[in-house]
Amino acid sequence: MENSIKLLPPSNVWKHFYSLTRIPRPSGQMQGITDFMEKFGKKLGLETLTDECGNVLIRKPATKGHEQSKTIILQGHLDMVPQKNSDSDFDFAKDPIDVTIDGDWVKAKGTTLGADNGIGVATAMAVLEDNQLQHGPIEALFTIDEETGMDGAFGIKPGFLSGDIMLNLDSETEGVLCVGCAGGADLNISFRYKDDPYIPEDSVAVKLSLTGLKGGHSGIDIPLGRANANKLLVRFLKEAVKDCDARLASFNGGTLRNAIPREAFAVVVIPDDTTEDFYEMVADYQQLYNEEYARIENQIKFVAEETAMPQALIPEEIQDDLINAVEGCQNGVISMLSDFADTVETSSNLAVVQSSEGLIEIRILARSSSESKKKALCSSIESVFALAGAKVEIGNAYPGWNPNIQSPILSVMKAEYKSLYGTEPIVEVIHAGLECGIILSSIPGLDTISFGPTIKHPHSPDEKVEIASVQRFWDYLTAVLKNI
């Protein structure tokens with residue numbers, strides 16, 4: 001089945017995508033994929049450069065008759081989000097992605113696929129390799145570590161690129177031209193404490209598991225109203241502490257700042273005589289969650305099972321501060337854009353809550369198309385956790401991309417799309433972090449559009465890419481390159 005991926009149309013794109021799935025490339029582990037891209041460019045006999053940050057740039061000269069055309073930057077990122085189901089033993093550091101065809105879609109078995117942004121990268125590779133295409137001078141820019149902080153985009157120095165137009169290949173709905181995106185910032189929050197070694201007598205330890213949520217991209221999927229596993233579990237814990245004298249020993253929910261958390265787990269200690277009530281409460285909450293998220297989530301599973309007694313507990317004061325702060329923290333959609341219908345302006349994703357000996361760490365990603373509202377949201381969240389006694393650090397801030405609806409390349413791309421498909425493309429601003437805003441801050445005036453094939457559920461194991469949309473994406477890109 002995997003090899004048949006390479007035979008899908010257009011095969012020149014799918015063969016490169018398949019090659020990318022063979023190379024482990026989670027964010028933070030870029031050496032293997034950057035080496036691969038360097039060899040690819042040099043094998044084609046094209047000028048291939050790598051900057052100090054690790055970004056790879058491959059230049060292809062204009063074809064005959066297009067020497068005077070503007071230089072076009074084709075841009076995508078090399079890393080992928082490493083998400084898998086909790087029962088999977090897949091190792092993103094060494095295992096190739098298990099790719100499969102499922103009807104009209106390509107997906108992976110139990111993990112993220114890496115179509116975000118592997119399909120964009122593969123398409124740029126196909127352009128570089130194809131000597132039958134007509135186009136002006138091309139600079140194919142492949143950046144690193146986009147998913148964990150836009151490191152590659154931030155690392156680009158003036159003079160590395162010489163293009164006039166940038167086509168970012170990292171959007172996820174075919175037929176949509178993105179002309180702006182949200183900026184973002186990370187909030188890294190920590191509670192430090194000394195473990196409480198006292199375990200109340202006549203107690204039992206219970207492991208709570210909240211699973212089955214869809215999760216997804218914390219920007220693109222945030223308006224869908226999907227449940228946040230961390231928020232749901234803390235909501236239960238607040239009542240369990242009050243009604244069953246529960247004491248928290250550990251909490252682990254979510255894995256990545258830019259993925260809506262799908263699972264959360266906690267170990268609590270409860271008085272033996274409250275066990276029956278506690279288990280009934282778990283069952284009641286499972287029913288409640290499924291009623292609240294009917295037609296949004298699949299079946300939410302919330303279960304309790306007796307487990308080994310922990311050696312220590314989180315101090316009661318820290319436990320209460322944590323629960324109250326997470327419960328009170330803003331999460332999800334905060335505001336909508338007025339100029340683009342149904343587009344989120346500002347949101348937050350309470351992505352990760354992880355406890356270890358003497359330390360609880362929380363990661364939140366705040367997004368907004370408005371720089372002032374992004375700062376206000378970060379300040380609001382900071383205040384909630386500061387009142388709870390936590391340390392809050394705000395970092396990895398990146399700018400949004402302000403739309404230019406008078407863009408010359410936008411006019412060309414709208415005309416080409418209508419010529420090919422008989423309809424106007426949708427022009428929108430997306431609530432996600434693209435590298436465009438960062439690159440534009442280094443190269444002001446770069447005429448920029450982002451587009452791509454249809455990808456569903458990025459940043460989750462349900463990620464999939466529509467096969468037919470990849471063909472349309474290829475046909476459209478090559479028509480645009482010919483007519484710029």
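The table that follows gives values for the structure above.
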read-out: Rounded to 10°, Cα long-axis angle of helix 408-421 versus longest principal axis of the chain; value: 90
read-out: 222 nm mean residue ellipticity, helices alone, for the chain (DSSP H n ≥ 4; -39,500 (n - 2.57); rounded to 500); value: -9500 deg cm²/dmol
read-out: Degrees separating the helix 31-43 axis from the principal Cα axis of the chain, which is the longest one; value: 10
read-out: With Cα atoms, 0 to 90° folded angle of helix 115-129 axis to the chain main axis; value: 20
read-out: Separation of the residue 405 and residue 70 label points, Cα + 7 Å toward Cβ, nm; value: 2.0
read-out: Debye, to nearest 20: dipole size of the chain, +1 on Lys, Arg Cβ, -1 on Asp, Glu Cβ; value: 2180
read-out: Label zone at residue 243, where the point sits 7 Å out along the Cα-to-Cβ direction: region 274-305 residues whose backbone N lies under 14 Å; value: 274-289
read-out: Fraction of beta bridges assigned by DSSP in the chain that are antiparallel (%, nearest 5); value: 80
read-out: Base-10 log of normalised Debye intensity for region 38-102 (one unit scatterer per alpha-carbon) at q = 0.15, 0.21, 0.22 Å⁻¹; value: -0.76, -1.01, -1.05
read-out: Distance between modelled label sites at residue 391 and residue 276, nm, 7 Å Cα→Cβ extension; value: 4.7
read-out: The chain: Rg to Rh, with Rh as the Kirkwood radius over Cα pairs; value: 1.01
read-out: Reference-scaled alpha-carbon Rg (2.2 N^0.38 Å with N residues) for region 158-291; value: 1.51
read-out: Residue pairs, from the table 207/301; 39/482; 214/301; 39/60; 214/374, whose Cα atoms sit over 18 Å apart; value: 39/482; 214/374
read-out: For the chain, with +1 on Lys and Arg beta carbons and -1 on Asp and Glu, the positive-most of 200, 234, 411 along the dipole; value: 411
read-out: Order of 52, 361 under a 10 Å beta carbon neighbour criterion, fewest first; value: 52, 361
read-out: Region 22-101-region 289-332 distance, computed between alpha-carbon centres (Å); value: 39
read-out: Reference-scaled alpha-carbon Rg (2.2 N^0.38 Å with N residues) for region 185-398; value: 1.04
read-out: Using θ = phi - 60° and Karplus 6.51 cos²θ - 1.76 cosθ + 1.60, couplings along region 394-404 (whole Hz; Gly, Pro as x); value: 10, x, 6, 6, 9, x, x, 10, 6, x, 10
read-out: Antiparallel DSSP beta bridges within region 43-200, percent to nearest 5; value: 60
read-out: Per-residue ³J(HN,Hα) for region 225-234, Karplus 6.51 cos²θ - 1.76 cosθ + 1.60, θ = phi - 60°, Hz, x for Gly and Pro; value: x, 5, 6, 9, 4, 5, 5, 5, 5, 5
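Only the coordinates and a few stated rules stand behind these numbers; no lab work does. Keep in mind that what you see is a predicted model, and the values were worked out from it rather than measured. Cβ sites come from the backbone with ideal geometry, for glycine too, and all protein chains shown count toward neighbours.
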